[in-house]
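Derivation of every value follows stated rules applied to the coordinates shown; laboratory data play no part. Quantities reported herein were computed from a predicted structural model and do not represent experimental measurements. Virtual Cβ from ideal backbone geometry, glycine too; neighbours counted across all protein chains shown.
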Amino acid sequence: MGLIDRLLGMFSKKKPQKRVVRKPKTVAAAKPRSSGAAAAVAAAPSKKVAVRKPRGTGSRATAAQHVTTTDVIKQKEMELVKKEQAFLKELEDEWVRRELELKQREEGILASQKKLEQERLSLETERIAVTNDAPVVQRGAAVPEEYTKKIDELEQREQEMMRREEMLRRELDMLRSQPGGEARLDLQKREEDLKKREVEMQKRAEELDIDEMMRNIEEKMKEEVTEPLKEYVFDNFVIGESNRFAFEVSIAVARAPADAYNPLFIYSDVGMGKTHLLNAIGNYIKEQHGEMKIVYVSCEKFTNELINFLQYGKIEEFREKYRTVDVLLIDDIQFIALQQSTQEEFFHTFNALYNAHKQIVLASDRPPKDIQHLEARLRSRFEGGLIVNIKVPDLATRKNIIEHKALEAGVTLDTKVSDFVARYIQADVRTLIGALNNILAHSSLTGREINLTLVSEVLKNMWPETVSEVA
């Protein structure tokens, strides 16, 4: 009996479940140790005694029991799901086995029918030959016994062939009417659907030219190497007491890549000039050593490229791209701690470049020790080089930055104006430059002279709480 027959039997005949009634257990009463005082106590009228519930009873115990019961139910559900999956797998295997068996039997029947057809043709040929060789018999004379015997033999063979044909036809009809036949037809339909989908996909691939798309994607990924931003150079970096050390170290690295300080780790709050120094290093090296391969990239772009290369199965090209550079400049390296796979890849990239005596410069908004979720092996490598900090610019540096940026825009500011802006915009350098750009824009569009009145009006819209102190 096959699995299908057993399953049909299971679903067609359900046995009623017997209800089991459990008898309560009888607990024997404890006998008193003596018939004296104990008996007297037993004979005394009973009093209600408050029984203290043990800890864990009540709502907490009920909640615990509920949690335990829920866990048991979930476990049972998981077991049922596993059993159902195993049952479906076994059922599918049984269908496939039975389908193959039916297919083999069908092929055998069709082969027998073909053989029987050949025998019928042979029989007809013999019948024609016997008819042609029939002797001429006079009316009333007996037919020769040999001829009659041949005719009878041919008729018997024809009847046998008809009987075999009927048997084969019935067997084939019965075979195709079985459940396995339906499964076979279903599998054939699925196979036809798959072939149609394959043809459609091939046609779609020809329309889209997948190979050309893949080549374009590969070329695009290769061309995504970012060069240093040309507007950031050492000549337009305003030096002050807050950033002098970082500037001198950056100059030293640019003059002797991988010989001075490797790796160099620059950190500060946002808008203090990290990106400026990072690009200035790359531009100086590019100017002095044009043959060197220099890559400036943000940590976010590094991570996105890694994901894209992995998605298209081009991880070796990614490694070739980043592990063969002479100078690697990565901005916002603190974001590398957000992805474990990125940390793993960058760790090996760092080692490959460092061991090959290539320069690595990193910029972050915090020191390595404060980057959360950063692997210890990466933290130790970051701290193995030189770590420099850019502090908040002092008043003199802020004033120099304002006047320098104004001169780059072709405007000479009055000393009182630059002093006013520097005193009351004590945020980062980027915010300071943004305030100056707003002042220059208002002056250019309204035609007004840049003086304390105009500056006060512009800054009042941006930082009213700050300008109110000046008023």
## Note on the structure
Apart from one, (1) out of contact with any Leu (no Cβ under 7 Å at 6 or more places or on another chain); (2) buried (at least 17 other Cβ atoms within 10 Å of the Cβ); (3) small (Gly, Ala, Ser) all hold for Ala376; the odd one out is (2)
### Message
Quick test of your reading of the structure: Glu345 fulfils all but one of (1) surrounded by fewer than 20 Cβ atoms within 10 Å (Cβ to Cβ); (2) within 48 Å of the chain's Cα centre (by Cα). Name the failing condition by number.
### Response
(1)
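Which of the residues that make up region 382-407 are touching a strand residue (DSSP E or B) at 6+ places or on another chain (Cβ under 9 Å) and assigned to a helix (DSSP H, G or I)? Show your work before the answer.
Residues of region 382-407 touching a strand residue (DSSP E or B) at 6+ places or on another chain (Cβ under 9 Å): 382-383, 385-390.
Hits for region 382-407 are Phe382, Glu383.
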